[in-house]
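Data block below; observations after.
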Amino acid sequence: MIDIRLIRENPELVRKAARDKNMKVDVDRVIAVDARRRAIETEYNELRHQQHVGGERVAKAPKEEKAALSQELGKLKARLKALDEERVGVEAELHELMLLMPQIPDPAVPVGPDASGNVEVRRVGTPRRRDEFGFEFRDHVDLGLKLGLFDLDRGVKLAGARNYVLRGAGAMLHEAVLRFAWDTMLSKTFARPGHAGEALRFEPMTVPVLVLEKIMYGTGYFPLGRDDVYLAERDQQCLVGTAEVPVTGFHADEILPEADLPKLSVARSTCFRREAGAAGKDTRGLYRIHYFDKLEQVVVCRADPAESAYWHDVIVRNAEDVLAALELPYRVLEVCTGDMGQGKVRMYDVETWMPSRDAYSETHSASRFHDFQARRLNLRYRGDDGKTQFCHTLNNTVIASPRILIPLIELNQQADGSVAVPAALRPYMNGVERIG
RNA sequence: GGAGAGGUGGCCGAGCGGCUUAAGGCAACGGUUUGCUAAACCGUCGUACUGGUAAUAACCGGUACCGGGGGUUCGAAUCCCCCCCUCUCCGCCA
């Protein structure tokens, strides 16, 4: 959500944001509905005031005058009721329209139509192409099936297309990667800009993966992303596509003391995605699947763009540290306006090299929202000056598996068909150095 | 799932049709007193929208909000209906 005042005072800014983000929004309609809403409210308030004043007169009037006065006031009721009914309709329309308004991207974000407009920021590690292995390259599907790391057919039998079962060393590798990511996150300390002495840590937490719709709206996944979400309609709950949703929503409808900020949280969850718009795309293997596990980092901080930017760098770096420790080549991309999504101010994707795809492919996504989610979630803090403000929110993947197993398996394959376990993961694999 | 009790401001807790934004207490903040701390005393002490003087500052006023929604009434925190949540007991269960 953006501030309605921004639309009233600077509609062109919002129109441009929508254009740049490839979104269709009706700014004029918002302005008109908002004006009507305020007119209704003014009249309604005025009539209610009359009613209150009149009501007091009834209470104090001599008995014989009460009936006449009451009857007189009764005339207000019809108008008030009509006004109230119109207000409900107008507010509902305004709310619906506001849910569609784009967050204004940072001026530094490259303007572009889609993923083709994304800009590479840096590249770390050396990608290895399939013909550079010195033996016959196998992709993760071949390797995984041969080594018994997962079972795709039975995953489909159990749950339909894009489902799978990790087994044996594959299941262990999955857990190892996640547990390694936990430990990496929890071993670090952080300080706010200008507070060098601080030793803030990410707080580990578990969260519900089945949440109420309001949290989906609050984090910006509804209404526009609804098609990609599994619904448990009987209970009016939704399966989350990321722990970002419950973690960011954790303090919804609260006013936090400024001293409690920033809130640094990290949570693992299973993530459920319908992949509604992706029919026929990435159908091979473990790349695009309906469920996976992900460790997610979330930051809730003061409404300060500079601090927000600072934490954005921090969470990108955290992800990079994990990839570097796993010895995986990756690049960081600045995502352009057309590819960044409704609520985001700025966004970086991290793409890890996957030889089978002959490309860097998305494994992480780091987003900065400013107060977009906080407004929807009603997530505020009370500043040291006593004023309440909406927080800023950010999030990034720490690790998502099994997608990350694709480069991990493929890049560590040996001539004999076995897969070497990177040193960082061996402690989490009971010391196993080689699978197969 | 069944039966009962209950949901009021940061917390505790009165109110049970008008004079209640809501007593009282605690916490918090400002001040007086004070060698310091404490105590005592005085004051402040919700959120949002909105009107006026006015700068989105300050002040004065209005409206909404006593779990959520609807109803009765000139008027509802207070009465009625539906829903949600919490607690206790019973049942079931990892």
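The values are calculated or read from the model by the stated rules, or taken from the named source; none is laboratory data. Since this is a predicted model, take the numbers as computed values, not measurements. Because the Cβ atoms are built from the backbone with ideal geometry, glycine has one as well, and the counts that use them run over all protein chains shown.
The figures follow:
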| quantity | calculated |
| --- | --- |
| Where A:Arg357 falls short, out of the listed (1) among the basic types (Lys, Arg); (2) under 16 Å from A:Val109 (Cα atoms); (3) surrounded by fewer than 24 Cβ atoms within 10 Å (Cβ to Cβ) | (2) |
| Checking A:Tyr287 against (1) over 25 Å from A:Asp106 (Cα atoms); (2) of a type in the set (Phe, Trp, Tyr); (3) within 18 Å of the chain's Cα centre (by Cα), the condition it does not meet | (3) |
| Only listed residue being modelled with pLDDT of 95 or more and in the same structural domain as A:Asp235 (by TED's automatic domain parsing), chosen from A:Leu212, A:Leu152 | A:Leu152 |
| Among the residues listed as A:Arg123, A:Arg154, the single one being more than 16 Å from RNA strand B (Cβ to nearest atom) and assigned to a helix (DSSP H, G or I) | A:Arg154 |
| Residues of the range A:155-192 satisfying the condition of being acidic (Asp, Glu) and more than 16 Å from A:Ala324 (Cα to Cα) | A:Glu175 |
| Test: A:Tyr348 is at pLDDT 95 or above and closer than 27 Å to A:Ala17 by Cβ | yes |
| Selected residue [within 30 Å of A:Glu136 (Cα to Cα), assigned by TED's automatic domain parsing to the domain that holds A:Arg138 and touching a residue at least 12 places away in the same chain (Cβ under 8 Å)] from A:Arg376, A:Arg368, A:Arg403, A:Arg380 | A:Arg403 |
| Criterion: in a strand (DSSP E or B) and surrounded by 21 or more Cβ atoms within 10 Å (Cβ to Cβ) - qualifying residue of A:Arg376, A:Arg403, A:Arg331, A:Arg368 | A:Arg368 |
| Lone unmet requirement of (1) out of contact with any Lys or Arg (no Cβ under 9 Å at 6 or more places or on another chain); (2) of a type outside the set (Lys, Arg); (3) closer than 21 Å to A:Thr184 by Cα for A:Ser401 | (1) |
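Yes/no per residue for (1) at pLDDT 95 or above; (2) outside any helix (DSSP H, G or I):
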| position | (1), (2) |
| --- | --- |
| A:Gly277 | no, no |
| A:Leu286 | yes, yes |
| A:Phe292 | yes, yes |
| A:Val298 | yes, yes |
| A:His312 | yes, no |
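For every residue, the table says whether it meets (1) over 20 Å from A:Gly117 (Cβ atoms); (2) acidic (Asp, Glu); (3) within 13 Å of RNA strand B (Cβ to nearest atom).
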position	(1), (2), (3)
A:Met354	yes, no, no
A:Glu362	no, yes, no
A:Arg368	no, no, no
A:Gly383	yes, no, yes
A:Asn395	yes, no, no
